[in-house]
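J.: Mind looking over this structure? Questions follow.
The values are calculated or read from the model by the stated rules, or taken from the named source; none is laboratory data. Just so we're clear, the structure is a prediction, and the values are computed from it rather than from any experiment. FYI the Cβ positions are ideal-geometry reconstructions off the backbone, even for glycines, and counts take in every protein chain you see. Areas reflect the complete protein model, heavy atoms only, side chains present, ligands, DNA and RNA absent. Shrake-Rupley method; radii C 1.70, N 1.55, O 1.52, S 1.80 Å.
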Amino acid sequence: MWVIRDTLGMTGTKYGCGIAQCGACTVLVDGQATRSCVTQADSVVGARITTIEAIEQDPVGRRVVEAWVGQQVPQCGYCQSGQVMAATALLQQTPKPTEEDIGAAMTNLCRCGTYNNIADAIRSAAAQG
């Protein structure tokens, strides 16, 4: 995460707990939602890493961001980049997720409690796919 933020200057990936619990630091590594705060840079050499800065270049990521805006999901916004990354990974792997799929995939924490809006946005993005 520090390579992404400090070396590459892409500050959309947030530092939260530092122990892979909150998910604010979630990025995609070869399409898999990955907690970057506990991922060593040398372990992802050669992998395709996608951060929030590039998520709208992916058709699924673009739909997720549009749904996030449409559902007015963010409140404080701090965790939202990680939430969007996790939702994008979910919909890339499971285009029509069940409620159980959403619950299992969306383990990121939100101190504002936007979970219902997050689930609504995921359902909306899935319906657009």
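J.: Could you give each residue of region 47-57 its phi-based ³J(HN,Hα) in whole Hz, using Karplus coefficients 6.51, -1.76, 1.60 with θ = phi - 60°, and x for Gly or Pro?
T.: 7, 8, 10, 10, 10, 4, 4, 10, 5, 6, 6
J.: In deg cm²/dmol and to the nearest 500, what is the mean residue ellipticity at 222 nm of the chain if only DSSP H runs of at least 4 residues count, each as -39500 (n - 2.57), divided by the residue total?
T.: Helix contribution divided over all residues of the chain: -11000 deg cm²/dmol.
J.: Okay, moving on. Once amide H atoms are built 1.01 Å from N in the peptide plane, which residues 5 or more positions from A33, or in another chain, come under 5 Å H to H?
T.: none
J.: Mind listing which trypsin sites (Lys or Arg not before Pro) in region 31-125 are in a DSSP loop and have 15 or fewer other Cβ atoms within 10 Å?
T.: Values: sites: R35, R48, R62, R63, R111, R123; in loops: R48, R111.
Of the trypsin sites (Lys or Arg not before Pro), the ones in loops of region 31-125 whose Cβ has at most 15 other Cβ atoms within 10 Å are R48, R111.
J.: Continuing with this model, one more query. Please compute the per residue accessible area over region 69-129 with all protein chains in place, 1.4 Å probe, rounded to a whole number of Å². Mind dumping the intermediate values first?
T.: On the way: 3150 Å² over 61 residues.
I get 52 Å² per residue for region 69-129.
J.: Carbon and sulfur atoms: what percent of the 1.4 Å accessible area of region 35-129 do they account for?
T.: 50
J.: Between region 101-115 and region 62-86, how far is it from one alpha carbon centroid to the other, in angstrom?
T.: Taking the Cα centre of each part, region 101-115 and region 62-86 sit 11 Å apart.
J.: Additional query: Step through the residues of region 99-114 one at a time and calculate ³J(HN,Hα) from phi using the Karplus curve (6.51 cos²θ - 1.76 cosθ + 1.60, θ = phi - 60°), rounding each to whole Hz and writing x for Gly and Pro.
T.: Rounded to whole hertz, the list is 4, 5, 4, 5, x, 6, 7, 9, 9, 5, 9, 9, 5, 7, x, 8.
J.: To check my understanding: the extent here is largest minus smallest coordinate of the Cα atoms along each principal axis. What are those three numbers for the chain, in Å, largest first?
T.: Projected onto the principal axes, the Cα atoms of the chain cover 37, 29, 24 Å.
J.: Another question about this same structure. Compute the relative contact order of the chain as a whole-number percentage, counting only Cα pairs closer than 8 Å that sit 6 or more residues apart in sequence.
T.: It comes to 27 percent, rounded to a whole number.
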